[in-house]
1. Under the Kirkwood approximation for Rh and a Cα-based Rg, what ratio Rg/Rh is obtained for region 141-200?
2. Regarding region 64-203, what are the three Cα extents along the principal axes, ordered largest first, in Å?
3. What accessible area per residue comes out for region 79-233, rounded to a whole number of Å², with a 1.4 Å probe?
4. I'd like the accessible area for MET3, computed on protein heavy atoms only with a 1.4 Å probe and all protein chains in place. Round to 10 Å², please.
5. Largest first and in whole Å, give the semi-axes of region 131-252's equivalent ellipsoid, each being the square root of 5 times a Cα gyration tensor eigenvalue.
6. Taking the Cα atoms of the chain, report the difference between the largest and smallest coordinate on each principal axis, in whole Å and largest first.
7. What's the percent breakdown of Cα-Cα distances in region 28-78 across 10 Å bins, shortest bin first?
8. Got a number for carbon plus sulfur as a percent of the chain's accessible area, 1.4 Å probe?
Amino acid sequence: MAMTLDDLQLLLDVVNRGSFSKAAAVRGWSQPMVSQRIAVLEQALGQPLFRRHRRGATPTAACEQFLPAVNTALATLAAGQLALQGTPLLPRIRLSCLPSLTTVVFGPLLLALVDESFEIRCSTDHSGIIMQELLTGETDVGFILKCPAIAGIQLELLYRSPIIAVACATHPLAGRQGLTLQDIANERLAPQQWGTGCDELLIQLRLLRQVTRPLHAIQPASAARELALEHGFITLMPALAIARDLEFGRLVQLDVTDLPPDHWDVMMAWRGGKRPNPEKERVLEAARTLARRWAGDLT
């Protein structure tokens, strides 16, 4: 059987869902039908495309090498279909971002790029998933927290944001100087789960706590922000995630003198390539400009 564009779309469906059965369910097929079509595709290409296991299917190295061409072929087909409809054809850039970064990254970045001659598509996911999507070509530029490097993916540190303690401006501890962890330990606390440092801090606070209230560690940043802003909680979170609230005085930083130093490393990631991509370069430069503004506003 000859390879078809539908076979390529099926390949992407399996990659994106990590399972033959899930890809089959989306199409209303049986799992054996998907397995058979993938087997024919593997035979045509002369390479195994997936490692089968009990929990699903994982792309092989050969599959990952093939995926950029798959994405290009399907994008070219979609562009041709739009052209036949008389729709102006513009380049498209796909951005992906950690959920806690959406407010500080997507809004300002899209505003900076709104008049560019390309279209932008945005999505959110965890850092590890975004890195995999960069490899497969599903995402062009990702905004993540520091994570292990992957061959073929370029990483650039945009900003290192300190973890601070904050509360609403009307909180009883707002404005007090020389606070300690002991002073905040018995308050309503809901730190944003920013990493291993958060877990270590919760251990310290639990030892100091003299009440039986729970200690919440939550995601994303917007949830921690709302608890502090609307419900009287103290939260500990990256200053970058609430920069506008601090600027306008809706939230205030608490002067906790013995708060262990920790930070968020905000990274930009993209897949390198020999072919020039002016749209991607424009996004990278806009993000660097945004990071310089963060440094100026928050220092």
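1. Working: Rg = 16.9 Å, Rh = 15.1 Å.
Radius of gyration relative to Kirkwood radius: 1.12.
2. Sorted from largest, the Cα extents of region 64-203 read 66, 33, 22 Å.
3. I get 51 Å² per residue for this part.
4. Roughly 80 Å² of MET3 is accessible to a 1.4 Å probe.
5. Result for region 131-252: semi-axes of 32, 17, 12 Å.
6. That gives 74, 46, 33 Å along the principal axes, largest extent first.
7. Histogramming region 28-78 at 10 Å steps yields 23, 47, 30, 1 percent.
8. Ligands and nucleic acids excluded, carbon and sulfur give 54 percent.
The values are calculated or read from the model by the stated rules, or taken from the named source; none is laboratory data. Everything quoted here is computed from the prediction, not taken from an experiment. What goes into the accessible areas is simple: the full protein's heavy atoms, side chains included, and nothing from ligands, DNA or RNA. Shrake-Rupley method; radii C 1.70, N 1.55, O 1.52, S 1.80 Å.
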